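The values are calculated or read from the model by the stated rules, or taken from the named source; none is laboratory data. What you are looking at is a predicted structure, and each value in this text was computed from that prediction instead of being measured. Positions of Cβ are backbone-derived with ideal geometry, glycine not excepted, and every protein chain shown enters the neighbour counts.
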Amino acid sequence: MPIPYVLKMIAEGEHQQQDFKMRVDDSRKIARTMVAFANSDGGRLLIGVKDNGAVVGVRPDEELHMIEAASDMYCRPRVAFSVQLWKSDNRTVMEVIIERSSDRPVQSEVEPGLWRVFIRKEDQNLPAPGVLLEVWRNKDEERPAHYAHTDREKQIFEFLRNEQEGLSLSRLMRLTKIPRPVLTRILARFIRWRLVDMHFVQDQARYTLRLD
């Protein structure tokens, strides 16, 4: 007998574009995951599934109400989503599909009046680094046809060139003595110009010279 498609999805486990929820008890908390997907590569929530992949099922109307509340009340701007229902052993699994947003950054309210930006890295929702927020803030800035790098910028390139594993913002600050706001803007500019890449090591953003 063919394996149901929903079980094939579950077999993948939680990852960059998939998260399991047994049920949604708190719209504010689930908004964080929705925002993280929207700010990253998109993804899907499988509701009615335990962390270990066991299907427990849900009542779709109740879960849909919580998801709609999360999007309308705790995401800014609202996160669009679509829903697909699946059956496994007469239990219903709700798939909530979230596309990558074209209006990043998307924020979620973590407590009354306090809004934060999250991104998805593997199976975790992480606070977005300030450098990435700066990238999005000036996303339409184009690289000049002719640009002479400053001594500060050349210094950053030199330190990054000597660290194949990359350097954190804090480490670069200590090495270069460049103030955080200035260094944040420079790194964001280099990322937009495809001179520097950002990756994560143990939940910490690190920066490396782009090789291509």
Point to revise | Candidates 165, 153, filtered to the one that is in the same structural domain as residue 136 (by TED's automatic domain parsing), in contact (Cβ under 8 Å) with a residue 24 or more places away in the chain, surrounded by 15 or more Cβ atoms within 10 Å (Cβ to Cβ) and not hydrophobic (A, V, I, L, M, F, W, C) | key: 153
Review point. Residues that are β-branched (Val, Ile, Thr) and assigned by TED's automatic domain parsing to the domain that holds residue 13: which strands (runs of 3 or more DSSP E) entirely in segment 78-143 hold 2 or more of them?
Key: 91-98, 114-121
Revision key, fill the gap. Those residues of segment 146-163 which are within 10 Å of residue 208 (Cα to Cα) and not in a helix (DSSP H, G or I) amount to 162, 163
Review point. Restricting the search to segment 54-94, which residues are of a type outside the set (S, T, N, Q), without any contact (Cβ under 8 Å) to a residue 24 or more places away in the chain and closer than 19 Å to residue 14 by Cα?
Key: 54, 83
Practice item. Would you mind telling me which numbered condition in (1) of a type in the set (Gly, Ala, Ser); (2) surrounded by 15 or more Cβ atoms within 10 Å (Cβ to Cβ); (3) out of contact with any Gly (no Cβ under 9 Å at 6 or more places or on another chain) residue 148 fails? Key: (2)
Check your understanding: With respect to residue 38, is the statement that it is surrounded by 15 or more Cβ atoms within 10 Å (Cβ to Cβ) and either within 18 Å of residue 124 (Cβ to Cβ) or at pLDDT below 95 (or both) true?
Key -> yes
Point to revise | Residues that are buried (at least 16 other Cβ atoms within 10 Å of the Cβ) and out of contact with any strand residue (DSSP E or B) (no Cβ under 8 Å at 6 or more places or on another chain), drawn from segment 168-184 | key: 173, 176, 178, 183, 184
Practice item. Kindly check whether there is at least one residue in segment 33-50 that is assigned to a loop (DSSP other than H, G, I, E, B) and over 22 Å from residue 110 (Cα atoms). Key: yes
Practice item. Could you check how many residues of segment 31-59 are under 20 Å from the mean Cα position of the chain (by Cα) and over 23 Å from residue 129 (Cβ atoms)? Key: 5
Exercise for review: Please specify each residue of segment 68-90 satisfying the condition of being modelled with pLDDT of 95 or more and over 18 Å from the mean Cα position of the chain (by Cα).
Suggested key: 68, 69, 72, 73, 82, 83, 84, 85, 86
Revision key, fill the gap. Screening 41, 25, 51 for residues that are touching a helix residue (DSSP H, G or I) at 6+ places or on another chain (Cβ under 9 Å) and either assigned by TED's automatic domain parsing to the domain that holds residue 68 or touching a residue at least 60 places away in the same chain (Cβ under 8 Å) (or both) leaves only 25
